[in-house]
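Worksheet for the structure shown next.
Each reported figure results from applying straightforward, stated rules to the coordinates on display, with no laboratory input. Keep in mind that what you see is a predicted model, and the values were worked out from it rather than measured. As a convention, Cβ positions derive from the backbone with ideal geometry for all residues, glycine included, and neighbour counts pool all protein chains shown.
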Amino acid sequence: MNDCIFCKIANGEIPAEIIYTDDNITVFKDANPQAPVHVLVIPKQHYDSAIAVKDNSVFANLVAGAVKAAHDLGLDEKGYRMVINTGEQGGQTVNHIHLHLLAGRNLGWPPG
Ligand code: AMP
Ligand code: ZN
């Protein structure tokens, strides 16, 4: 995906505050944080959304990456939220699947 902003972050074409990367995923700070901790976990490979993922190892890598990032950020004790907005009513605005990791305050439920 040539003009995908998250592909460009994953391949280093545009800057982001990257906090973890490996062969499969990149974890970086959200540019418009909705909580004291707000990072995004993306696969390096492009998928438009969760709907486009056919290989469950992609989901496993996202969730495992978020759990590892949360641990490394010291969030285990107080907890955190993981969210994958999907499609129009799901609130997805960037069409490269991403998992939000949110923490650092009491998060409301239900979401807006
Ligand atoms: P969503 O609404 O679930 O698609 O989330 C997209 C998220 O990407 C939003 O929280 C944005 O703040 C974030 N975002 C968009 N562009 C960038 C960027 N260049 N660097 C970091 N975060 C971004
Ligand atoms: Zn992409």
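From the helices alone, meaning DSSP H stretches of at least four residues, give me the mean residue ellipticity at 222 nm for the chain, per-run term -39500 (n - 2.57), in deg cm²/dmol to the nearest 500.
On the way: 3 runs with 27 residues, N = 112.
When only DSSP H runs of four or more count, the value is -7000 deg cm²/dmol.
Mind ordering 93-102, 17-26 by average Cβ neighbours within 10 Å, highest first?
Working: 93-102: 19.7, 17-26: 14.7.
The most tightly packed comes first, giving 93-102, 17-26.
Write out the trypsin sites (Lys or Arg not before Pro) in segment 11-112 meeting two conditions: DSSP loop, and at most 14 other Cβ atoms within 10 Å of their Cβ.
Values: sites: K29, K44, K54, K68, K78, R81, R105; in loops: K44, K54, K78, R105.
When the trypsin sites (Lys or Arg not before Pro) of segment 11-112 are filtered for loop state and at most 14 Cβ neighbours within 10 Å, K54, K78, R105 remain.
Need the list of aspartates and glutamates near K68 for cross-linking: C-alpha distance under 20 angstrom, and skip anything on the same chain fewer than eight residues off.
Partners within reach: E17, D22, D23, D30, D76, E77.
Rounded, prolate or oblate: which fits segment 5-103, taking a ≥ b ≥ c as square roots of the Cα gyration tensor eigenvalues, rounded meaning a/c under 1.5, else prolate when a/b beats b/c? Display every interim value, and only then the final one.
Numbers: a/c = 1.35, a/b = 1.26, b/c = 1.07.
Note, shape of segment 5-103 comes out rounded.
To test your reading of the geometry: what angle, between 0 and 90 degrees and rounded to tens, separates the Cα axis of helix 56-72 from the longest principal axis of the chain?
Roughly 40 degrees, rounded to the nearest 10.
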